[in-house]
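Below is one structure; the comments refer to it alone.
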Amino acid sequence: MSIIKLLSKKLNRTIFTTPSHNQNTYFSKDYKSFYKQDYSEIEGYDNLADPKGSILMSQTRTAEILNAGKSYYITQGATSAILSAMKALICPNDNVLVARNCHKSVFNGLILTGANVDWFMPECDSEWGIYTQIDPKKLNSILDINNYKAFIMTSPTYEGINSDIEQIAKICKSHKVYLIVDEAHGALNYFSNLLPKSAMQQGADVGILSLHKTAGALNQTAILNISKDIQGIDDKVFQDAVNIFETTSPSYPLLANIEECVQYLSSNKGKIEIDNLFTNIIEFRNELNKHGIEFYDDKFHDASKILLRKKGISGNDLSDILYDKYNIEDEMNNSIYALYLTGIGTTKNKLKILQNALINVPVDNKFEFEKVEFQPFPLVKIQPVNSFNCKYDFVKKENSVLKISNKLIMPYPPGIGLLYPGEAIQEWHLKYLDDDVEVIV
């Protein structure tokens, strides 16, 4: 029996367990239906920490749909899945190569596993100010001269750039390096031929999905996928790792939501919905191209991440006008662009509202975009695990260069670190620092 059907059954049982609301609500009437299905691990309802019934069956069906060997439902977001994957595969003092545009949760995983990190710098586009693909040739050269337990990367990126995971996976396998792919922003890749193939389809060992970003599921829903042919590790290790980071009181409505999301997107109706989304986005883009709107676009880009800029106005000012005058909120903006995320739930009418607003935003023809100077190669002086709980002091910003930072400098979103604890402060970092800088002593 599926989780959805299990929760829809009328339960004639007097329960004295958590949660204490007894499947009713006394203060949140708008969420009454949510409460009705909110159980804990009561008899017959299976246990996420050791699934043997409905949850196991559901995860097994999902793994088949997603071309994975194992799929683990996560109710605490992709962050928890990333930490679980790292804990399962990486041991203290293992050497790990990490793409610098990875989410901050990877740095937290380095602290928790006690691994030693080397950073890999992805390619970048200075015109748009974004990281782009992982260069397989550069990766192969690095793996030829260094021994690593794992390579951790993000694809698609926050802005929607996909790397050639198939080629990267072959390189990693030839060097006996585990490939962990954070594909939190790429859930639709599993369900549409209009997008690049998923990490599982391209040979990655681990793929981490977030279902709320583009796939239409609730916040905190995620899936940890393990390859069918991962070598040298037992399935039990992943379950044990998940159990470390997953709450012991998982939300059954969220579990059902994961199941329902995957079933819908893999159905004919779901695939038509995704196709319609991209058809609408193409029409949206074609119209806006006539009005001075530029879109980031190459063969590696996921069009559902609408990354755009308008000639004659900064991304920041564009965002402010759309929010203040048209009540439209973007996912992210900076001096160059604004990013609008779409997915299941993005209607043609919603795109039309954005389209009309963008056309009517006034511009200054004297304004020009400036190229972005990307961060220098990180100078790791103290490994993440050893930088945690270090003694620190404050110095003036002008005296901080080459001192070791005790502070995390990270714009959020997208949650990519410009400076992590344990790294030397370089001239480039000064513009992001306060007048008094926290340094390790």
Once phi is turned into θ = phi - 60°, what whole-Hz ³J(HN,Hα) does the Karplus curve with 6.51, -1.76 and 1.60 give for every residue of segment 399-415, x standing for Gly and Pro?
9, 8, 4, 6, 7, 8, 5, 10, 10, 8, 10, 8, x, 9, x, x, x
May I have the extent of the alpha carbons of the chain along their three principal axes, as whole Å values ordered from largest to smallest?
69, 54, 46
24 Å Cα-Cα reach of residue 269 towards lysines, excluding residues that sit fewer than 8 places from it in its own chain:
5, 197, 213, 305, 348, 350, 352
Give me the number: length gained by fully extending residue 295 to residue 430, i.e. 0.36 nm times residue separation minus the C-alpha to C-alpha distance, one decimal in nm.
45.5 nm
Taking the Cβ of each residue in 342, 157, 132 as the centre, tally the other Cβ atoms inside 10 Å and list the residues starting with the fewest.
132, 342, 157
Lys/Arg +1, Asp/Glu -1 at C-beta; the chain dipole; positive extreme among 288, 258, 186
258
Assertion target for 42, 134, 416, 74, ordered by fewest C-beta neighbours within 10 angstrom first, is 42, 416, 134, 74
Which residues qualify? For residue 343, with a placed amide H closer than 5 Å and at least 5 residues away or on another chain, they are none
So in the chain, what percent of DSSP beta bridges are antiparallel if you round to the nearest 5?
65 percent
If the only charges are +1 at each Lys and Arg Cβ and -1 at each Asp and Glu Cβ, what is the size of the charge dipole of the chain around the Cα centre, to the nearest 20 debye?
980 debye
Roughly how many Å is it from the Cα centre of segment 139-190 to that of segment 261-293, as a whole number?
27 Å
Sequence-distant residues sharing a close amide H with residue 418 (under 5 Å, placed H)
409, 410
Could you work out the relative contact order of segment 41-265? I mean the mean sequence separation of Cα pairs under 8 Å and 6+ apart, divided by the number of residues, in percent.
26 percent
Take 285, 309, 100 and order them by how many other Cβ atoms sit within 10 Å, fewest up front.
285, 100, 309
Determine the distance separating the Cα centre of segment 382-421 from the Cα centre of segment 44-94; give it in Å without decimals.
33 Å
Whole-Hz Karplus ³J(HN,Hα) for segment 384-394, in order, using 6.51 cos²θ - 1.76 cosθ + 1.60 and θ = phi - 60°, x for Gly and Pro?
x, 5, 7, 7, 6, 6, 6, 6, 9, 9, 10
Work out Dmax and Rg for segment 384-440 from the C-alpha atoms and quote the Rg first, both in angstrom.
10.7, 29
Counting only helical runs of four or more DSSP H residues, what would the 222 nm mean residue ellipticity of the chain come to if each run contributes -39,500 (n - 2.57) and the total is spread over all its residues?
-9500 deg cm²/dmol
Tell me the net charge near residue 417. Cut-off is 11 Å between Cβ atoms, residue 417 excluded, with +1 for each Lys or Arg and -1 for each Asp or Glu.
+2
For segment 142-183 the GluC sites (Glu not before Pro) that pass both the DSSP coil test and the at-most-14 other-Cβ-within-10 Å test are none
Given a Förster radius of 35 Å and the C-beta distance between residue 137 and residue 360 as r, what FRET efficiency does 1/(1 + (r/R0)^6) yield to the nearest 0.05?
0.15
What residues qualify as long-range amide H neighbours of residue 70, i.e. H under 5 Å apart, gap of 5 or more or another chain, H built at 1.01 Å from N?
226
Farthest towards the positive end of the dipole of segment 355-441, among 401, 433, 386 and with Cβ unit charges of +1 on Lys and Arg and -1 on Asp and Glu, lies the Cα of 386
So, in nm, how far is label residue 279 from label residue 33 when the simple model puts each one 7 Å beyond its Cα toward the Cβ?
2.7 nm
Before anything else, pin down the relative contact order of the chain: Cα pairs under 8 Å, at least 6 apart, normalised by residue count, whole percent.
16 percent
Read phi for every residue in segment 86-93 and hand back ³J(HN,Hα) as whole Hz from Karplus 6.51 cos²θ - 1.76 cosθ + 1.60, θ = phi - 60°, with x for Gly and Pro.
5, 5, 5, 9, 10, 10, x, 6
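Where a number appears in this text, it was derived from the coordinates with a stated rule and is not lab data. Just so it is clear, the structure is predicted and the values come from calculations on it, not from any experiment. Cβ atoms come from the backbone with ideal geometry, glycine included; neighbour counts cover every protein chain shown.
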